[in-house]
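**Student:** There's a structure below that I have some questions on.
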Amino acid sequence: MKKSRLKRWQVVTLIAGSVIVMGFLTGILVRNRVENKEYVESTPTFMVIKNGQVLKQCSGTNPAKIDQLMLRGDAK
């Protein structure tokens, strides 16, 4: 039995269709999430862990604090 191979235009069409469908579904999810009044924003926490112990941590989105933590994380 001969194997059927997809032609290039079929592959491109399949990928483009998948991207469109995923974009549509993502838009629906984002809209529903924004309209939800009980939505709670979360704050990232960055940690420096060495040998299983947390040496330092920084919560929030302050770039200066994050840079300082990452550059001198294990210095006490």
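The values are calculated or read from the model by the stated rules, or taken from the named source; none is laboratory data. Note that the structure is predicted; figures quoted are calculated from it, not measured. Glycine gets a Cβ as well: all are built from the backbone with ideal geometry, and neighbour counts include every protein chain shown. Note: accessible area is taken over every heavy atom of the protein model, side chains too, but ligands, DNA and RNA are not part of it. Shrake-Rupley method; radii C 1.70, N 1.55, O 1.52, S 1.80 Å.
**Student:** Restrict the check to the range 33-44 and report whether at least one residue is surrounded by fewer than 10 Cβ atoms within 10 Å (Cβ to Cβ), basic (K, R), over 30 Å from L69 (Cβ atoms) and at pLDDT below 80. Steps first, please.
**Tutor:** Of all residues in the range 33-44, those surrounded by fewer than 10 Cβ atoms within 10 Å (Cβ to Cβ) come to 33-44.
Pick out the ones that are also basic (K, R) and you get 33, 37.
Filter again for over 30 Å from L69 (Cβ atoms), leaving 37.
Imposing the further condition that a residue be at pLDDT below 80 reduces the set to 37.
The answer is yes, given that some residue of the range 33-44 is surrounded by fewer than 10 Cβ atoms within 10 Å (Cβ to Cβ), basic (K, R), over 30 Å from L69 (Cβ atoms) and at pLDDT below 80.
**Student:** Please go through the range 22-31 and give me each residue that is open to solvent by 80 Å² or more (accessible area, probe 1.4 Å) and over 17 Å from the mean Cα position of the chain (by Cα), ordered by number.
**Tutor:** Of everything in the range 22-31, those that are open to solvent by 80 Å² or more (accessible area, probe 1.4 Å) and over 17 Å from the mean Cα position of the chain (by Cα) turn out to be F24, R31.
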